[in-house]
Protein chains: 2
Amino acid sequence: MINRMSIRVLLVILCMMAISCKKQSVNKVEEFSSTKQEHPSLILTEQGVKDIRANLGRIPIFDKTLEATKVEVDAEIKNGFDVPLPKDYSGGYTHETHKKNYVLMQKAGVLYQILQDEKYAKFVKDMLFEYAKEYPKWPIHPKPRSYARGKLFWQCLNDSNWLVYTSQAYDCIYDFLSEDERNILENDLFRPFADHISIHNLKFFNRVHNHATWGNVAVGMIALVMDDDVLLERALSGVENADYDPNEKDDDGGYIRKEGQAIGFFANVNDPFSPDGYFTEGPYYQRYASYPFLIFAQALQNKRPEQKVFQFKDSVLIKSVNALLNLSDKDGEFFLLNDSQKGMSYFNSSLVSAVDIAYHFGGNNPELLSIAKKQDEVTLDDAGLAVALGIKEGKEKPFVKKSIELSDGANGDEGGVAILRSYGLELVFKYTAHGLSHGHYDKLSFALFEDGNEVVQDYGMGRFVNIEQKGGGNYLKENKTWARQSIAHNTLVQNETSHFKGKYDIGSKYHPTKYVFSVTDENLQVASAKDDKAYPGTRLHRTMVAIKDEAYETPYILDIMRVVSDSSNQYDLPFYFLGHVMQANFEYSKMPVPEILGKSDGYQHLYKEASASVKEGNITLNWLRNNKFYTYTAITSNADEVIFGRIGANDPDFNLRNEQTLILRKKNVKDALYVSTIESHGRYSPVSELAVNAYSNIKKVSVVYDSKEYTAIKIDTKNDKSKVFIISNQKNDKDLEHKLTIKNKEYIWKGAYQLIEN
Amino acid sequence: MINRMSIRVLLVILCMMAISCKKQSVNKVEEFSSTKQEHPSLILTEQGVKDIRANLGRIPIFDKTLEATKVEVDAEIKNGFDVPLPKDYSGGYTHETHKKNYVLMQKAGVLYQILQDEKYAKFVKDMLFEYAKEYPKWPIHPKPRSYARGKLFWQCLNDSNWLVYTSQAYDCIYDFLSEDERNILENDLFRPFADHISIHNLKFFNRVHNHATWGNVAVGMIALVMDDDVLLERALSGVENADYDPNEKDDDGGYIRKEGQAIGFFANVNDPFSPDGYFTEGPYYQRYASYPFLIFAQALQNKRPEQKVFQFKDSVLIKSVNALLNLSDKDGEFFLLNDSQKGMSYFNSSLVSAVDIAYHFGGNNPELLSIAKKQDEVTLDDAGLAVALGIKEGKEKPFVKKSIELSDGANGDEGGVAILRSYGLELVFKYTAHGLSHGHYDKLSFALFEDGNEVVQDYGMGRFVNIEQKGGGNYLKENKTWARQSIAHNTLVQNETSHFKGKYDIGSKYHPTKYVFSVTDENLQVASAKDDKAYPGTRLHRTMVAIKDEAYETPYILDIMRVVSDSSNQYDLPFYFLGHVMQANFEYSKMPVPEILGKSDGYQHLYKEASASVKEGNITLNWLRNNKFYTYTAITSNADEVIFGRIGANDPDFNLRNEQTLILRKKNVKDALYVSTIESHGRYSPVSELAVNAYSNIKKVSVVYDSKEYTAIKIDTKNDKSKVFIISNQKNDKDLEHKLTIKNKEYIWKGAYQLIEN
């Protein structure tokens, strides 16, 4: 808020100093711009270009990227370009061509500056003039699916992408053009373009959302090139709008904006990022949003250093890059939090920018160099040069991903996500807020990875991004009916109804509460959180522990989900193991043909393939995934039902992946204590055909104490040892001493939990 | 036969020359052995040990293997060993321990020779004496599953494995032992052991089968160490058996032996290998059998060079290694022909031996060095030294896998297998004989690989080898009821009945006939074969063509399956695409819940998930696998039915993989012409989220001519070009000229087929 205010104040002062202060008058505003009007000045600077040119041929990673870019652009220049009349959704020809065009212009602009070969400037100029000729004639894009339709693309979002990239190209060839030429481009193309995605689409522009971020940044980037402070102010603070309706929603069912909410670029930085740098929509969308956030921050820092954008909110933009890298598995693939497509990773080009910018403007953190080295690519600008020089000088240090908790919410008080990392296992425990319009109904859910492979999965999203065959590459209806529903996640479902009744209005108001996060002992790491809003009258408390037993090679996860309710309910706890069932210790009967598990809330997409009635004791499921053996051991009560389910019912277009789940169902109970362990314990080689440690190391898991105050779980291992894990359910003070007697044995410890040899 | 005769003759001569020729008398026979009685002399020779020791520290790949072996054996020596009373199936403790023991003894023996450290000799000696003490007391193994039960293991097969390895260990420490010690070992352990797997289990020993190969070689190896020519003769020629019953079968339903069939080692080399070196059971079992074949050949060559084992049958053992390497995909994983577990590759230790031995005894083929280099391991013997020196001297050349046809049958006249390799695609077209007891009912089936990934799959086998949780790691009942049935393969099924009624007795009598194999033009490669025995009265003719169209980046496969029958039938042609369905060009209706497709012959394991009635024209199925886009385009007739199936029905223990298939069904027709194309045409990146060439390049496939004499298929591509592929159905002479008029256009060509621009 302070920053947004100060820029307003600054602008007022500037206007007062000026003789006249006409809106839209570039020449007038120029006089008051705080830095010299030079070009390039966004991602490349005059000094930067000099430095780059002085180092060319001696900075391997930069030289390599430059050469690859040159080869690519040269081929395209040879092929010629097309500026077709827009008509397609993503995946279609016109969409993909306009997308290709802006990427090419950005690259050609940079090549012009670095190589000083006018053919690149001419390529950009010719294409821009073609756009300037056609743009005024084009109607709103004919495809009707978006709440904010663009002109080049079916949604303003993609039009904004175009302008963010094209602004950089324009900046690079600015001095190559005559003033008359610039006037044509600005009046026929850039200004109307900026207006279309802002004042003509306020639902899109005036909100806090990744859409608006792109919109704000697009307008901001072109404003910086043109040195248009009025347009810049629009980017930074949004457009005043008398007609604003707080009930408006977007295509995904998300609210456009809360009453009284600040808008514009700084609001878009402030609200979605927690003080830890966690982006509330999750890493998949942060990756997407990080490009505009950081590319604009870079440009703003270069042209308006007094804005101190990188210091904003205690350097949250720099922190966000670190947070994002920490939300990836061993191979750099992002964890699946909210709508996310599997396989997205820090090798995405926006992360190349993000890492380089965070390095250059964030204090030259040498750990980032090791990520940049893996990316094997840098941005062709001042930031990329800094990284290339750092690598050349051997400054990199390993980026060590440790266990981490990232808070959610603008103030860091809306839950969070915990990553427990232990000897190759990575447990992702999610107790974040809803995540805006990309959120899932998955409070207290988790996923487990080992060595970069998902073992207990989060389904991700119901979408094949940019694959036109699948619903134009857009969200499929199964994203809403399946992927976002609670039963699609490894979390508790009450009465076959999703959390918050699957309603965004409700879900977006609440968040779980962090309870414990403690990872100082690497052999005993604990994350615990509570929720009492997903199902009114029902209180959920889940504790996930990574325990490394000295007797065994790999750690195991202990999962305690404590449910207390005012009413009797049916509870389902699904377990989405990935891999092939090897063995279960209970007798199940497979149905001749599968049945559909339920009617709504995602249950209509699950087949019931087999079921079992189990008794008090333990059930185990042993499975094989990627040539590793895993075992799930869960405590059961009499009359519990176990269901083997498979995804894929009511899926007329084969949009879903037909993966398995095991559901532990408790019927007609008020309270329930779900306790299980997950072990990675062995491996198989199809080459040597040897199976090593194919069986679980755990003999028995049992509840030895459970009250409002404490829950204690005993784990007997096959080496005839046992341990007891005790958690205090209500007091999480670190220094508080607890005393508890279980079966005549007295346990005394300090802090919320303890693991004790028995 | 000649070789088997000549060894008999030799033995007779030797016996005549001798004063007395008592069977079982080692000392006496020794006098007549053709080489000096020295030790070691099997895989290591006295000279070889000298050479190895002279080169140590200067032969990196050898030194590395030696060091790894030393580390492994030293650790085991420290841990001590166990010789437990046998009781388990594979995967169980006693099974795995005896297995570990023989591997360790073999390694320790070699280490003793190379490092000349007596601790290794002592380790072997102690273990051998423990076995000598226990073996006589042990009963037949308690597990009853095998037709030939061992004493250490549940089947004689594994006992034979033990003796093959242990003989090598004994050879290495032979001179370390006193004569008395040797007498104890030979009388209490080795001779009774050899007798158990031979004269006490004639069903196992006296046959042509991989079981017998191991048995023969086990007896032969220990005979060579002990210089016992009588025992050696037993290994080479089998045991005379008056009680032989030609109707005897083994556990897998395979006949023990045909009437009048030769037996013993040379028969086991002669019969299963075709003159091209193809092993009739397929590469998975060849890999398993290649170890005894080659290790014994090596020993025999070293001790009895006059046998000229490596020249036998025009050097078939050396050829077999080359054939086996050619039956692997880009990553070295073997193609799935008959019973095979996925993932087995030339990185298996038996292939390390095979490659090293083939190099050392087969003329130092430098291409084998590049495989050895990838294996990054050599055998610790004379052969391994030769390879290590070859690599050190930089002699290796790339092993280039080209398109190849390998005949099946001892005389090469029982069908074969064709591998068409074209720009990353590898098509495996199978028209072999049955493949003994490991054969599948899959005449004229195929599988397709791209870049080392299976795209159109062969299911492989229903077994998780050595994973005890799954049926003791042995064959599962689904191997017989599903994996071997015709419907589990990409081939034609008539009236829901497997080829040869799924009967081994019938199937093993017949084989398809090669028709064309021509790969001289790499852009037009053709393999064609016929079968008229799978279904009496029905003639099948399948032609598979790899066509590289100059306009497109990747080739496509044209598949023509021509069916002519005396009666009206239902025909099913399944297509086991692997991956996720993107789009079909026909309307299908998914059933609310799947139905079971049929009652027997594998159909009982398939769910019908969706179906469609299609009309005359083309159906297309576009799918995504490993981020590559594929399209199947098939010609359909009115009233054809398309079925989307999924494996997994009647699978009470989740033994099957739930993968998909598309079945094209024609009902109540006598003749049928199935024509389809398979294209790999595009790719997707989940990192850049770009889909490139997501759609097929083929506009239409149509039959333009079809008669008893000729079939002509027209392929229209999206660049408005078209080509016609014509095949002569009855005359495959290379030089014969054909003339055919189709729609007033005259086509003239020479040879069985032609592809003509239209």
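Tabulated data
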read-out	value
Verdict on A:R257 being of a type in the set (K, R) and more than 30 Å from B:E689 (Cα to Cα)	no
Sole residue being at pLDDT 95 or above and outside the structural domain of A:L231 (by TED's automatic domain parsing), chosen from A:I7, A:I59, A:I2	A:I59
The listed residue being assigned to a loop (DSSP other than H, G, I, E, B) and either within 24 Å of B:Y102 (Cβ to Cβ) or more than 23 Å from the chain's Cα centre (by Cα) (or both), out of B:Y165, B:Y174, B:Y244	B:Y244
Exclusive hit being part of a loop (DSSP other than H, G, I, E, B), more than 28 Å from A:G435 (Cβ to Cβ) and of a type in the set (V, I, T), set A:I140, A:I184	A:I140
Those residues of segment A:623-645 which are within 15 Å of B:D653 (Cα to Cα) and open to solvent by 10 Å² or more (accessible area, probe 1.4 Å), in sequence order	A:L624
Yes/no for A:E426 being under 25 Å from A:D276 (Cβ atoms) and outside the structural domain of A:Y504 (by TED's automatic domain parsing)	no
Those residues of segment B:271-291 which are in contact with a Pro (Cβ under 7 Å, 6 or more places away or on another chain) and surrounded by fewer than 23 Cβ atoms within 10 Å (Cβ to Cβ), in sequence order	none
Residues (of a type in the set (S, T, N, Q) and under 27 Å from B:K122 (Cα atoms)) located in segment B:73-93	B:N79
Qualifying positions in segment A:213-255 - on the phi > 0 side of the Ramachandran plot and of a type in the set (D, E)	A:D227
Qualifying positions in segment B:605-627 - free of Cβ contacts under 8 Å to residues at least 60 places away in the same chain and either within 36 Å of the chain's Cα centre (by Cα) or facing chain A (nearest Cβ under 8 Å) (or both)	B:Y607, B:K608, B:E609, B:A610, B:S611, B:I619, B:L621, B:W623, B:N627
Count of residues meeting criterion [in contact with an Asp or Glu (Cβ under 7 Å, 6 or more places away or on another chain) and either outside the structural domain of A:F310 (by TED's automatic domain parsing) or part of a loop (DSSP other than H, G, I, E, B) (or both)] in segment A:364-379	2
Meets criteria (in the same structural domain as A:Y288 (by TED's automatic domain parsing), outside any helix (DSSP H, G or I) and open to solvent by less than 30 Å² (accessible area, probe 1.4 Å)) for A:D331	no
Which listed residue, of B:S707, B:S728, is of a type in the set (S, T, Y), surrounded by fewer than 16 Cβ atoms within 10 Å (Cβ to Cβ) and within 30 Å of B:K530 (Cα to Cα)	B:S707
Qualifying residue in segment A:659-676 (condition: of a type in the set (A, V, I, L, M, F, W, C), part of a strand (DSSP E or B), open to solvent by 20 Å² or more (accessible area, probe 1.4 Å) and in contact with a Lys or Arg (Cβ under 9 Å, 6 or more places away or on another chain))	yes
Of the criteria (1) in contact with a Leu (Cβ under 9 Å, 6 or more places away or on another chain); (2) surrounded by fewer than 20 Cβ atoms within 10 Å (Cβ to Cβ), which one B:I715 fails	(2)
Checklist (1) on the phi < 0 side of the Ramachandran plot; (2) more than 11 Å from chain B (Cβ to nearest Cβ); (3) within 34 Å of the chain's Cα centre (by Cα) applied to A:G602, failing item	(1)
Test: residue in segment A:246-264 that is modelled with pLDDT of 95 or more and open to solvent by less than 10 Å² (accessible area, probe 1.4 Å)	yes
Selection status of B:I184, of a type in the set (V, I, T), open to solvent by less than 10 Å² (accessible area, probe 1.4 Å) and either more than 25 Å from B:S508 (Cα to Cα) or touching a Phe, Trp or Tyr at 6+ places or on another chain (Cβ under 6 Å) (or both)	no
Residues that are hydroxyl-bearing (S, T, Y) and either loosely packed, with under 15 Cβ neighbours inside 10 Å or assigned to a strand (DSSP E or B) (or both), drawn from segment B:584-605	B:S589, B:S600
Filtered residue count, segment B:709-733, keeping only those that are in contact (Cβ under 8 Å) with a residue 60 or more places away in the chain and assigned to a loop (DSSP other than H, G, I, E, B)	4
Criterion violated by A:S340 - all others in (1) in contact (Cβ under 8 Å) with a residue 40 or more places away in the chain; (2) open to solvent by 40 Å² or more (accessible area, probe 1.4 Å); (3) within 14 Å of chain B (Cβ to nearest Cβ) satisfied	(2)
B:S345 being surrounded by 24 or more Cβ atoms within 10 Å (Cβ to Cβ) and either under 20 Å from B:R421 (Cα atoms) or of a type in the set (S, T, Y) (or both)	no
Odd one out for A:S688 among (1) open to solvent by less than 20 Å² (accessible area, probe 1.4 Å); (2) among the small types (G, A, S); (3) within 14 Å of chain B (Cβ to nearest Cβ)	(1)
Complete set of residues in segment A:69-84 that are free of Cβ contacts under 8 Å to residues at least 12 places away in the same chain and either part of a loop (DSSP other than H, G, I, E, B) or surrounded by 14 or more Cβ atoms within 10 Å (Cβ to Cβ) (or both)	A:D74, A:G80
Odd one out for A:N268 among (1) open to solvent by less than 10 Å² (accessible area, probe 1.4 Å); (2) without any contact (Cβ under 8 Å) to a residue 40 or more places away in the chain	(2)
Residue within segment B:464-484 that is under 30 Å from A:Y695 (Cα atoms), of a type in the set (G, A, S) and within 21 Å of the chain's Cα centre (by Cα) present	yes
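Conditions (1) closer than 17 Å to B:L44 by Cβ; (2) crowded, with 21+ Cβ neighbours inside 10 Å, marked per residue:
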| site | (1), (2) |
| --- | --- |
| B:K99 | no, no |
| B:Q106 | yes, yes |
| B:L115 | yes, no |
| B:E118 | yes, no |
| B:V124 | yes, yes |
| B:M127 | no, no |
| B:W138 | no, no |
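Per-residue answers, yes or no, for (1) in the same structural domain as A:I263 (by TED's automatic domain parsing); (2) over 24 Å from the mean Cα position of the chain (by Cα); (3) surrounded by fewer than 24 Cβ atoms within 10 Å (Cβ to Cβ); (4) not in a loop (DSSP other than H, G, I, E, B):
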| position | (1), (2), (3), (4) |
| --- | --- |
| A:F193 | yes, yes, no, yes |
| A:H200 | yes, yes, yes, no |
| A:I222 | yes, yes, no, yes |
| A:L232 | yes, yes, no, yes |
| A:L236 | yes, no, no, yes |
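The values are calculated or read from the model by the stated rules, or taken from the named source; none is laboratory data. Just so it is clear, the structure is predicted and the values come from calculations on it, not from any experiment. Using ideal geometry, Cβ is built from the backbone for each residue, glycine included, and neighbour counts are taken over all protein chains shown. Ligands, DNA and RNA are excluded from the accessible area calculation, which covers all protein heavy atoms including side chains. Shrake-Rupley method; radii C 1.70, N 1.55, O 1.52, S 1.80 Å.
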